[in-house]
Amino acid sequence: MTLEQIAAVIDALPLPVLIVGPDERVRVANEPLEAILGPDLVGKHYITAMRQPAIIDAIAKVRSTGGGAVTRFVGRDGEKDTTYRVSLAEAGGDTVLTFEDQTAAEEAGKMRREFVANVSHELRTPLTALLGFIETLSGAAREDAEARDRFLGIMAHEANRMTRLVDDLLSLSRVEEDERVRPREHVDLGALLSSVIKGLEPQAENADVDVKLDLQSSDEMVPGDAGQLVQVFTNLVENGIKYGAAGKEILVTLYPKSMHKRLRGEGVEIRVADKGEGIASHHLARLTERFYRVDNHRSREVGGTGLGLAIVKHIVNRHRGRLLIESEEGQGTQISVFLPTN
């Protein structure tokens, strides 16, 4: 087979492939490979073309001993690191390198490790507290009724916190599982929002917060999962009560159906606005990350798990909607949910 025929075959392959000849120079490099290493590789010495010790060493090993080898290549795609699994094999005096993109798998593994670490940390704190109080109640405070009652109250709080965390983890798992399936039932948003606010009245009264509902349109229907949408707006209003209570007022507004650029079509906007302390701008982009908190200590005090807005984001995505968080320190926070009406 001529070099031109080999090049034609390699160009037809979707995987990045490079061939190093017996003279240690690149004989063939297909287009996907040039997207990784750059153009004009043919004729260059493989050390100049690769410039990564792991691959250079692997090529030298295959050339000297024959057989095959596997190594890694770390590249750059814009601002993102990329990782490739490189398989090397000897073929009639040539050395053939095949690159397999492992970036997504690496990122998934990293996310999984971070998730396990975060969950472990979130559970370790209340468990440590519980074990400490159990040890104290089993010893020095066994006969101290006042200390016993105080410790049992704290233990109940920590146990409830772990229960909320597990419930939110299960909820997040269910939402992610269904995220690709768009709901088709029709939901009356006005009735749903009224129900949510009614259910949160005791919590709002305890925090001395007035939650107002402004239905600028009372008959807006959207395709949706009523249970999940209740979860979205319960979470948003509850967050306003917990973190925006200083403003003493939360306004929930349902705007009439209109064209929205964010949806690239017709939809409705539901806005939850408080007049609390607000959030610094550098936090806003990360608020929907799992376990991200603006104020760890305060969030734990009010029972936050750090998963609420992550759940909200996934539910809104399932409904093909958009989530917008706006805030300014000292000016309160406004969270808008845009939902398509068809």
Review point. On the given criteria, is Arg150 outside any helix (DSSP H, G or I) and of a type in the set (Lys, Arg)?
Key: no
**Study point:** Residue list for region 21-48, filter: assigned to a loop (DSSP other than H, G, I, E, B) and among the β-branched types (Val, Ile, Thr)
**Key:** Val42
Study note, to complete from the structure: Pairing a residue in region 133-151 that is surrounded by 10 or more Cβ atoms within 10 Å (Cβ to Cβ) with any residue that is part of a loop (DSSP other than H, G, I, E, B) and not β-branched (Val, Ile, Thr), where Cβ atoms lie under 7 Å and the two sit 6 or more apart in sequence or on different chains, gives Ala147/Ala141; Arg148/Ala141; Phe151/Ala141
Review point. Looking only at region 152-188, which residues are open to solvent by 30 Å² or more (accessible area, probe 1.4 Å), closer than 15 Å to Leu127 by Cα and under 27 Å from the mean Cα position of the chain (by Cα)?
Key: Ala159, Asn160, Met162, Thr163, Arg164, Val166
**Study point:** Residues located in region 209-221, provided they are of a type in the set (D, E, K, R), modelled with pLDDT under 90 and open to solvent by 60 Å² or more (accessible area, probe 1.4 Å)
**Key:** Asp219
Practice item. Please verify whether region 189-207 includes one or more residues that are buried (at least 17 other Cβ atoms within 10 Å of the Cβ) and of a type in the set (Ser, Thr, Tyr). Key: no
Exercise for review: Go through region 210-240 and give me each residue that's over 21 Å from Ile315 (Cα atoms) and β-branched (Val, Ile, Thr).
Suggested key: Val211
Check your understanding: If you check every pair at least six apart or on different chains, which have Cβ atoms under 9 Å apart with a residue in region 46-66 that is on the phi > 0 side of the Ramachandran plot and without any contact (Cβ under 8 Å) to a residue 40 or more places away in the chain first and a residue that is part of a helix (DSSP H, G or I) and open to solvent by 20 Å² or more (accessible area, probe 1.4 Å) second?
Key -> Arg51/Leu37
Practice item. Can you tell me which residue within region 279-295, out of those that are part of a loop (DSSP other than H, G, I, E, B) and of a type outside the set (D, E, K, R), is most open to solvent (accessible area, probe 1.4 Å)? Key: Ala285
Practice item. Please specify each residue of region 40-56 satisfying the condition of being open to solvent by 80 Å² or more (accessible area, probe 1.4 Å), under 18 Å from Arg76 (Cβ atoms) and at pLDDT 90 or above. Key: Pro53
Exercise for review: Kindly establish whether Gly276 is in a loop (DSSP other than H, G, I, E, B), in contact with a Phe, Trp or Tyr (Cβ under 8 Å, 6 or more places away or on another chain) and open to solvent by less than 10 Å² (accessible area, probe 1.4 Å).
Suggested key: yes
Exercise for review: Give the residues of region 95-125 that are among the acidic types (Asp, Glu) and within 19 Å of Arg293 (Cα to Cα), sorted by residue number.
Suggested key: Glu114, Glu122
Study note, to complete from the structure: (1) part of a loop (DSSP other than H, G, I, E, B); (2) of a type outside the set (A, V, I, L, M, F, W, C); (3) within 30 Å of Pro22 (Cβ to Cβ) all hold for Arg142 apart from (3)
Exercise for review: Scan region 235-263 residue by residue and report those that are among the hydroxyl-bearing types (Ser, Thr, Tyr), outside any loop (DSSP other than H, G, I, E, B) and open to solvent by 40 Å² or more (accessible area, probe 1.4 Å).
Suggested key: Tyr243, Ser258
Point to revise | Residue within region 234-250 that is touching a helix residue (DSSP H, G or I) at 6+ places or on another chain (Cβ under 7 Å), of a type outside the set (Val, Ile, Thr) and closer than 16 Å to Glu220 by Cα present | key: no
Exercise for review: Return yes when Thr305 is β-branched (Val, Ile, Thr) and within 22 Å of Val211 (Cα to Cα) and no when it is not.
Suggested key: no
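The values are calculated or read from the model by the stated rules, or taken from the named source; none is laboratory data. Treat the numbers as computed from the prediction; the structure is a model and nothing was measured. All Cβ positions, glycine included, derive from the backbone under ideal geometry; neighbour counts span all protein chains shown. Please note that ligands, DNA and RNA were not included when accessible areas were found on the heavy atoms of the full protein model with its side chains. Shrake-Rupley method; radii C 1.70, N 1.55, O 1.52, S 1.80 Å.
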